[in-house]
1. At 7 Å along Cα-to-Cβ for each site, give me the label-to-label distance between residue 370 and residue 164 in nm.
2. What FRET efficiency do you get for residue 325 and residue 282 if R0 is 41 Å and r is their Cβ-Cβ distance, rounded to the nearest 0.05?
3. Could you work out the mean projected area of the convex hull around the alpha carbons of the stretch 386-448, in square nanometres to one decimal?
4. Please arrange 283, 218, 343 by counting, for each residue, the other beta carbons lying within 10 Å of its beta carbon, fewest first.
5. Determine, at each q value in 0.19, 0.21, 0.25, 0.26 (inverse angstroms), the log₁₀ of I(q)/I(0) that the Debye formula gives when each Cα of the stretch 410-482 is one equal point scatterer.
6. Only Cα pairs under 8 Å and at least 6 apart count here; give the relative contact order of the stretch 23-148 as a rounded whole percent.
7. Hey, fewest Cβ within 10 Å first, where do 146, 124, 212 land in order?
8. Mind checking which aspartates and glutamates have their Cα closer than 12 Å to the Cα of residue 125? Skip sequence neighbours fewer than 8 apart in that chain.
Amino acid sequence: MSRFFFLLICLMSLSAAVVAQKAPAYEDVSEMPGGVLGQRIEALINTINSDNPKLIKQFILEQTSAEFRDAFPMEEHIMVFRDLFRQTGGLTFHSIRRYTPARNDQTVVIAQNYYYKGWDGLILKLDARDKISSLEFAPARVPTNLDKTDESLSTKDNIYEVESLMERLCTKDVFSGAVLIGTADEIYYQYACGEASKGFHVPNTVQTKFNLGSMNKMFTSVAILQLVDKGLIAYDDKLSKYLDETWLPRSISDKITIHHLLTHTSGLGSYFNETFWKSSREMFRKLDDYKPLVQGEKLAFEPGEKYQYSNTGMLLLGVVIEKAMNTDYFEYIQESVYNPARMLNTDCYDLDQVVENLAEGYIPSASSPSGWENNTFKHVIKGGPAGGGYSTVQDLYYFAKVLLAGKWLNPKTQEKMWTDHSGAGYGYGFSVEATDYGTVVGHSGGFPGLNSNLDILLNNGYIIVVMSNYDQGAMRLSQRLRQMFQADDTGKSGKEGSADKSDGAVGGDNPGKGGNTTKTGSTSKGGKSGEKQ
């Protein structure tokens, strides 16, 4: 795997877990620092906005440390800068973010992006020679020093704003995918644009199946919790009760509980390791096929000590389901989750079989004549408990509706599912984020060439689904839509979960002719629009 793809995976992991990070209190000061630091920040933003390979190279050579410069080939530095511009349309300095407790070793710059009118963070460090030695890009929370004037936007006005936003993103080819906004009672807006296949110029529609990335973790967790409600599995069950030593030694599996796996506190890591990258994708279809990727894995810490996002942990929950129910994981999820929710276009498909309405994933590529390459040979050949399945915006909407109706789990279990157990913004297979307006639950997923997100706003019942077959294509759009709808009181069909959990953090081809759109019920019912994420 090239270092560029390793960087992309790191960026996608950030987007997949961005709300699952403990965030300190902060304030924003809209004053550019003086001296060398201010010069570096101005040069950085100007370089990003230039979208010019020569100027980017000059910036890397003159204003960054040798260690930073040599970490990746120059063409990969250039690609990351240009891709940020492609996704945002450019950045405008807004503020320096100050945290409590202070972050003395780094500067966090908050900039407003052009396309979304949302917020991005530029996190940088200077070395002893005042050269940039570390640089990260990530979506950011809303600044504290904005004008808080309430525009009292109605649902209808918000939908009009969404229409304008989507037209802008699709015309500029920033977004390729589908969007759905609604409540349990009705769908207010659906839209699709871009191409599911660039090679054959097949347009995306609201029925297109997009890769879920890590969002399969929600389905696995719901299935586990259903078994807890039935008394067939317990939170404190040891992993060794279900797995033999062909997976992990008992010295490890005896320490890990079902609770640890659900909350990413097991100390396990990710099966996307060197063995995976050097292996044929055809080798990994059934859960037992993943044993070679898990064997030999060590604990990063003692289970329960802290949070660490773990694909291996969620994979093993799928194995727990198979052992507890003596059945195939994929068949069980179909019968216990997909079918009851009428999710008729959701599954972990064998990608060497013919699957209708399936979107290919696309990665910007400077070396490709088209400017893109697909992700066909980079992802798994079949998804599983931790991710890699496919769904549609409508199926994820149906999934959220069943959750809000409380039809799958007893109330105490559902409350546990949407409780931040570790202080890291993660419950049982769901991200859990507290905002000024209430709790937002859901999950995101990403990998090179794909990015999707589900937000369920428990304070007002809004369901927001964004699925994209572009790198980080859903991240900023999901954030912006949440900001627009979280203060709208139209829905009121959500069930408020545990309050005052962790906040979000600063670390996410041709669109066709007009896209594919459906708009229903976009009449004003009152409500307000807020900006706090």
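1. 3.4
2. Working: r = 27 Å, r/R0 = 0.65.
Efficiency, rounded to the nearest 0.05: 0.95.
3. In nm², the orientation-averaged hull projection of the stretch 386-448 is 5.7.
4. On the way: 283 13, 218 25, 343 22.
So the ranking, lowest neighbour count to highest, is 283, 343, 218.
5. Here the Debye-derived log intensity ratios amount to -0.79, -0.92, -1.13, -1.17.
6. Computed value for the stretch 23-148: 28 percent relative contact order.
7. Fewest-to-most Cβ neighbours within 10 Å comes out as 146, 124, 212.
8. Straight-line reach from residue 125, under 12 Å: 105, 136.
No value in this document is a laboratory result; all are computed from the given coordinates. Note that the structure is a prediction, hence the values are computed from the model and not measured. Neighbour counts run over all protein chains shown; Cβ positions are idealised from the backbone, glycine included.
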